[in-house]
Amino acid sequence: MLQRLAGLLLLVVLGACTRGEPTPEPVRAVRTQVVQGGQAVHRHDYAAEIRPRVESRLGFRVGGKLTRRLVEIGDTVRPGQPLAQLDAQDLRLGQAAAQSQFAAAKASLDVAEAEFRRFKELRDQGFISGMELDRREATLKAARAQADQAGAQSGVQGNQASYAVLTSDVAGTVVGVDAEPGAVVSAGTTVLRIAQDGPRDAVFSVPEERAPAIRALLGKRDAVQVQWPGGAAPGAATVREIAAAADPASRTFLVKADVGTAPVRLGQTATVMVEQRSPDAVIRLPLSAVFEYQGKSTVWLLDRSAMTVQPHPVQVAGAEGNLVVLAGGLSAGQTVVTAGVHVLTPGQKVRLFAEPTLAAQKAAASAAVTAPPVR
């Protein structure tokens, strides 16, 4: 019995001797970043359409029935080129009538001039009074005025007849057709729309709250950037016009940005990029540096003297790509953990992560290749 108790006691003593100390928590390697202040840059993108600087709306200067349209949308036109034609029969008849009236007035003027010369000779010989000669002179003046009037009317009717053919007075491209053959149009009704050759505009709309910021860019050279489709390099543009009043339906303001003579097509879409810089300094950190702790946005601050980390709440203002913009909570010069934040605890000891050298990477790869297989 005593021997059995001595054996149990010996087992207890041996077990107590073999119990090791608790394993200490490993010192984790962390990536860090020193906080630096910067200027906030907010970029707004707007869908835009390329339009001509000047778009002419061409119409006939007389009314009539449209009989022919000589161009199509997309055609290039030159000054003086015929574009459309009216039925000019009535205009030609009016021109003929005016010419006949002018011929009759000319004949009456010739008779009045001949009579005045004869009566002047009679007055010189004393056969008629001076009053009679004055009456004949007045008749001559009236005939001359009627002839001038008939001549002017004949010219007007000739011009009216020529207006039956619509010609382009500018060089450009046909971008719209508002009347087809067979339609009866009145004088001044738009028939074709011509985009004049020359500078182009990127036209887009901005909401009411951003209109003041865009208006502040008026006239500033290359104040905005235009991204063309297809991955081409962005081009600079200048805001040259912004609507004075908002559109009644969308409550947006129409903006025109001058893109100059950039090689773009009319109607092509583009993206106008407007950057607005805030005067206040902001702090940007990688998204991986911020986590949720006790219901607040938090980062780990590194105490370099003790090499420990402590949670620190911050105020998030927004995001820019893979960066988070902070509105407060940190100051320049502090050190923040940027990787492995979810495995740390308050007061935990850490060490700075060191990138392995190329020699160490090669040695590790070589050891992995030459190591014997585990059986």
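The values are calculated or read from the model by the stated rules, or taken from the named source; none is laboratory data. Quick caveat: nothing in here was measured; it's all calculated off a predicted structure. All Cβ positions, glycine included, derive from the backbone under ideal geometry; neighbour counts span all protein chains shown.
Observations
- Test: residue 71 is touching a helix residue (DSSP H, G or I) at 6+ places or on another chain (Cβ under 8 Å) and either among the hydroxyl-bearing types (Ser, Thr, Tyr) or at pLDDT 90 or above (or both): no
- Of the set (1) under 60 Å from the mean Cα position of the chain (by Cα); (2) aliphatic (A, V, I, L, M); (3) at pLDDT 90 or above; (4) part of a helix (DSSP H, G or I), all apply to residue 104 but (1).
- Residue among 195, 246 that alone is in a strand (DSSP E or B) and in contact with an Asp or Glu (Cβ under 9 Å, 6 or more places away or on another chain): 195
- The C-beta contact set for segment 255-273 (first residue over 17 Å from residue 45 (Cβ atoms), second residue of a type in the set (Ser, Thr, Tyr), distance under 9 angstrom, 6+ apart or interchain) comprises 258/238; 260/238; 266/173.
- Any hit, segment 88-106, residues being of a type in the set (Gly, Ala, Ser), under 15 Å from residue 63 (Cα atoms) and either out of contact with any Asp or Glu (no Cβ under 7 Å at 6 or more places or on another chain) or surrounded by 15 or more Cβ atoms within 10 Å (Cβ to Cβ) (or both): yes
- Condition met for residue 166 (within 20 Å of residue 65 (Cβ to Cβ), touching a residue at least 24 places away in the same chain (Cβ under 8 Å) and either surrounded by 13 or more Cβ atoms within 10 Å (Cβ to Cβ) or out of contact with any Phe, Trp or Tyr (no Cβ under 8 Å at 6 or more places or on another chain) (or both)): yes
Conditions (1) over 30 Å from residue 74 (Cα atoms); (2) polar (S, T, N, Q), marked per residue:
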{"site": "103", "(1), (2)": "yes, no"}
{"site": "107", "(1), (2)": "yes, no"}
{"site": "115", "(1), (2)": "yes, no"}
{"site": "122", "(1), (2)": "yes, no"}
{"site": "151", "(1), (2)": "yes, no"}
{"site": "156", "(1), (2)": "yes, no"}
{"site": "161", "(1), (2)": "no, no"}
{"site": "167", "(1), (2)": "no, yes"}
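- Contacts under 8 angstrom Cβ, first residue in segment 275-287 being more than 14 Å from residue 318 (Cα to Cα), partner at pLDDT 80 or above and among the polar types (S, T, N, Q), 6 or more apart: 275/225
- Selection count where residues are surrounded by 10 or more Cβ atoms within 10 Å (Cβ to Cβ) and either among the small types (Gly, Ala, Ser) or at pLDDT 85 or above (or both), scope segment 346-364: 10
- Residue check, residue 197 modelled with pLDDT under 90, within 19 Å of residue 50 (Cβ to Cβ) and among the charged types (D, E, K, R): yes
- Extreme residue, modelled with the lowest pLDDT, among residues of segment 18-39 that are in a strand (DSSP E or B) and surrounded by 12 or more Cβ atoms within 10 Å (Cβ to Cβ): 37
- Criterion violated by residue 259 - all others in (1) assigned by TED's automatic domain parsing to the domain that holds residue 36; (2) touching a Ser or Thr at 6+ places or on another chain (Cβ under 9 Å); (3) assigned to a strand (DSSP E or B) satisfied: (1)
- Qualifying residue in segment 205-217 (condition: touching a residue at least 24 places away in the same chain (Cβ under 8 Å), surrounded by 14 or more Cβ atoms within 10 Å (Cβ to Cβ) and in a loop (DSSP other than H, G, I, E, B)): yes
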